[in-house]
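Read through the structure below, which is laid out as structure tokens, and then see the notes.
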Number of protein chains: 2
Amino acid sequence: MSIVAARGFRASGVWAAIKGSGKPDLALVVSDRPATAAGVFSPNRFRASQVDAAIGKLKESGGKARAILAVSGCANALVGRRGFRDQARLSRTVSRMLKVPDDQVMFSATGPIGMRLPVDRIERGLVKAVRELSAAPAAGLLAARAIMTTDTRPKQAVAHFTDGGTRFVVGGMAKGVGMVSPRMATILVFITSDARVPAPALGRALRAAVKPSFNSITVDGQASTNDTALVLANGAASSSPLSAKGQRAFGEALAEVCMSLALDLVRDGEGAKHLVDIGVTGAATAADADRVARSIADSPLVKTMFYGRQTNWGRIAQAIGASGALFSPDRVRIRVGGQLVVRGTATVPTRYTILTRLAEPEIRVEVDLGAGRASARVFTCDLTEGYVRINAGYLS
Amino acid sequence: MSIVAARGFRASGVWAAIKGSGKPDLALVVSDRPATAAGVFSPNRFRASQVDAAIGKLKESGGKARAILAVSGCANALVGRRGFRDQARLSRTVSRMLKVPDDQVMFSATGPIGMRLPVDRIERGLVKAVRELSAAPAAGLLAARAIMTTDTRPKQAVAHFTDGGTRFVVGGMAKGVGMVSPRMATILVFITSDARVPAPALGRALRAAVKPSFNSITVDGQASTNDTALVLANGAASSSPLSAKGQRAFGEALAEVCMSLALDLVRDGEGAKHLVDIGVTGAATAADADRVARSIADSPLVKTMFYGRQTNWGRIAQAIGASGALFSPDRVRIRVGGQLVVRGTATVPTRYTILTRLAEPEIRVEVDLGAGRASARVFTCDLTEGYVRINAGYLS
């Protein structure tokens, strides 16, 4: 259970015939009482109109939301003014059906870009989705399935914390798994909590949680037009505000849920076989550390190397050397799976056991630039024929 | 014919047992008289020691070179100080055998990173290579074959110009075809001319020719540690200096050779099925134009789309929108194969004939940002399972 793990939230997932496959494609998440809300959104200049709408609504309402409608199978991006009208109409429909203010309905969509939403079918699907709203774990799972596109499995996470004797829940769901890039919240992420958290504090906690999680993963270096991370907190577990300690505990629980969902996204990256965890230390600046970590993470040569379980460490050095970061090559150390593989400008003969490490589902790369004290950590996956097949055939 | 098309140059290509396959892996190019020389080199901070050596020698000699030794099957990069000693020894051997000054011998290598050069085998191969030096086209072709790694075919080009009644030749050869990135001369490119061109003018002409050719192509956005473009001009066709008009004609011939070789590299990009020619106009600044063109060119989603002959134009918009360039999405126009496919924030229904265009070996993408007068042009190839297979299995 996840999106409905927090008290006072119900969800459903149904098939609204957006996808031809008959798989769930419409998720609805509703808080049974007013909730504060915060979001992080795509900075892509071609971002979808519902992303702009959500940003505007959160601003207008001062950070309140009651319902999230999310559809998969159509991104409602790059469809001109119709896209804006379509999402506005669906939002009004949800508002009417659930009797909640229109500016507290968040609409999200994911799927191919450039196709119009089948609004009538979605409205018919909504009738069923409202009827099936439930706090049962099975309903949360259906909602998590209904936002999937090329994901091979649903992503859910839950964390708990206590404050003043009350046990609170933070639960969430997310979908990927292509056009997944760093520099922002990625794709669709929805999180609920039954704690009472003022909207500004919720926003700060979300941004802090997103940085090391969704902002530190990359599948293919591509920044989607629809990326959205939303968190709703409804205070259903206790109407008293959290203590200062409780707020920190909430932030930690939120961070835990975000990290768990983010790593699940990378593990399920399109065609992925390995999670690659890249840590950079000893950089002169934080920007340099980030640059080096992302240069490695987005290198198709590094990614295919890990797929093929190769030991061609020069590809990692190439990515570091071309990153634009300042350092002295002589002082660089590269470790893979705990083994030193590059010392300065020379590769180090590696032990045979490296092959066992490369066969594991998670591989750790550690780079010490020897140029300062700044560090960064980015998670990526390998690049396989599967990624090419999925993306050469998607929307044919 | 190509590298030996210009008078006064001889070449050879032999197997020195660097590659296990028995295919040629050692190329030698020699000018029979003093020649001016200029080069453009990798800016990668982990670049190979022979790249540093070549830069130093050209500086010391004031822009002179007599011979180029190029080997494939080993990059001599990331091998510490041994790499420097190995390349220096090979250079001295060539100097002794050909009786030319050591600082006029250029050494280049390409292949897997992190392996030591088999110096003894290369010296044995050199004996044969010197014996087989020839101005015959077949010798030039063997040299072009001897620098190939994952290339599926040799790349040669030749252009002519006249000045004061004399006909001059510019000929060249190049190899790719992975770790091919923009921002610099790429991989190995060797060009010869029988014109007499002072070294500073030669350098200027080379840099001007490299910008729209080798600096405007990308296979996988990866900047190699060994990239080198060298041009030698020996005045064998006429000892008189070129006229001002002749210098311009030389620059044009050099640019033609560079462009021809660069496009051949992209066409033969690892696993490539299509050449994609990306033109960006209407940008606010040249940097923005370049940023947008490269963002499209290096997008794995755009590259797999062209491989799969898909019409998911949103992927191009996504790459433009995430590039960081400044523009108003409403004013953007995207054309593919001459057809308008995106107008502002909406896709345009495309005619069925677009599928015929997508099946052609060369596809033109035109983006008008509607934000100014700057433009850029970048060439790339599609991304196929072939790229993944080549790079997951290379050096196993």
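The values are calculated or read from the model by the stated rules, or taken from the named source; none is laboratory data. Because the structure is a prediction, the values reported are computed rather than measured. Glycine also receives a Cβ, built like all others from the backbone with ideal geometry; neighbour counts cover every protein chain displayed.
So here's what we get for this one:
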quantity: Subset of region A:276-301 [more than 9 Å from every other protein chain (Cβ to nearest Cβ) and not aliphatic (A, V, I, L, M)]; calculated: A:ASP277, A:GLY279, A:THR281, A:GLY282, A:THR285, A:ASP288, A:ASP290, A:ARG291, A:ARG294, A:SER295
quantity: Options B:THR304, B:THR350, B:THR384, B:THR380: the member that is within 9 Å of another protein chain (Cβ to nearest Cβ) and under 26 Å from A:ARG47 (Cβ atoms); calculated: B:THR304
quantity: Failed condition for A:LEU326, given (1) in a loop (DSSP other than H, G, I, E, B); (2) surrounded by 19 or more Cβ atoms within 10 Å (Cβ to Cβ); calculated: (2)
quantity: Residue among B:ARG96, B:ARG92, B:ARG82 that is of a type in the set (D, E, K, R) and within 14 Å of chain A (Cβ to nearest Cβ); calculated: B:ARG82
quantity: Tally of residues being at positive phi and modelled with pLDDT of 90 or more across region B:303-326; calculated: 1
quantity: Residue satisfying all of: in region A:377-389; out of contact with any Gly (no Cβ under 6 Å at 6 or more places or on another chain) and surrounded by fewer than 24 Cβ atoms within 10 Å (Cβ to Cβ); nearest to B:ARG309 (Cα to Cα) among these; calculated: A:ARG389
quantity: Residue in region B:116-146 that is farthest from the other protein chains (Cβ to nearest Cβ), counting only those that are over 16 Å from B:ARG10 (Cα atoms) and surrounded by 20 or more Cβ atoms within 10 Å (Cβ to Cβ); calculated: B:GLY125
quantity: Set B:GLN156, B:GLN104: member being surrounded by 17 or more Cβ atoms within 10 Å (Cβ to Cβ) and either at pLDDT 95 or above or of a type in the set (Phe, Trp, Tyr) (or both); calculated: B:GLN104
quantity: Subset tally (residues that are surrounded by 15 or more Cβ atoms within 10 Å (Cβ to Cβ), assigned to a strand (DSSP E or B) and touching a residue at least 60 places away in the same chain (Cβ under 8 Å)) for region B:331-376; calculated: 9
quantity: Members of region B:307-323 that are in a loop (DSSP other than H, G, I, E, B) and within 7 Å of chain A (Cβ to nearest Cβ); calculated: B:GLY308, B:GLN310, B:ASN312, B:TRP313, B:ALA322
quantity: Residue count, region B:325-347 (criterion: of a type in the set (Gly, Ala, Ser) and facing chain A (nearest Cβ under 9 Å)); calculated: 4
quantity: Single match in A:ILE68, A:ILE55 (criterion: buried (at least 24 other Cβ atoms within 10 Å of the Cβ), touching a residue at least 12 places away in the same chain (Cβ under 8 Å) and either among the aliphatic types (A, V, I, L, M) or outside the structural domain of A:ILE191 (by TED's automatic domain parsing) (or both)); calculated: A:ILE68
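Conditions (1) within 20 Å of B:GLN222 (Cα to Cα); (2) modelled with pLDDT of 90 or more; (3) in contact with a Ser or Thr (Cβ under 8 Å, 6 or more places away or on another chain), marked per residue:
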| site | (1), (2), (3) |
| --- | --- |
| B:ASN234 | no, yes, yes |
| B:GLU252 | no, yes, no |
| B:GLY269 | yes, no, yes |
| B:ILE278 | yes, yes, yes |
| B:SER295 | yes, yes, yes |
| B:LEU301 | yes, no, no |
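A quick yes/no check of all residues on (1) in contact (Cβ under 8 Å) with a residue 12 or more places away in the chain; (2) in the same structural domain as B:THR150 (by TED's automatic domain parsing); (3) β-branched (Val, Ile, Thr):
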position: B:ALA236; (1), (2), (3): yes, yes, no
position: B:SER240; (1), (2), (3): yes, yes, no
position: B:ALA255; (1), (2), (3): yes, yes, no
position: B:MET259; (1), (2), (3): yes, yes, no
position: B:VAL292; (1), (2), (3): yes, no, yes
position: B:LEU301; (1), (2), (3): yes, no, no
